[in-house]
Amino acid sequence: MTDVLARLLAVNVVHEVIRGPTRWTAIDKRPVRGPVDVGELGLVGDRQCDTRYHGGPDKALGAYLKVLETGSVRAGNRILVVHRPDDGPTIGEASRRA
């Protein structure tokens, strides 16, 4: 199969662990430049604070998808990696302002 079904826009790791209303959070993820090693527990340089629900060998990576075209995808489909400039607010910045 040669059709590209998804694009990887950014690889993000924790920028700063911050204190949320009830616990510490590592939601402030920001893009990194260049390759990032992936290990059994996730991306090198990343961190998860609430390991009940995040991290570990079964929850090491997360992805947010934007549907560009209806259809089906499955494991093994090709993706295209493109560069995304670091020019917008992050979820962590938005949550600190709220």
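The values are calculated or read from the model by the stated rules, or taken from the named source; none is laboratory data. Keep in mind the model is a prediction, meaning the values are calculated, not measured. Heads up, the Cβs are rebuilt from the backbone with ideal geometry, glycines too, and the neighbour counts pull from every protein chain shown.
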Check your understanding: Any idea how many residues of region 48-64 are surrounded by 15 or more Cβ atoms within 10 Å (Cβ to Cβ) and either at pLDDT 80 or above or of a type in the set (Val, Ile, Thr) (or both)?
Key -> 2
Review point. Which of the following residues is part of a loop (DSSP other than H, G, I, E, B) and at pLDDT below 65: Val67, Val36?
Key: Val67
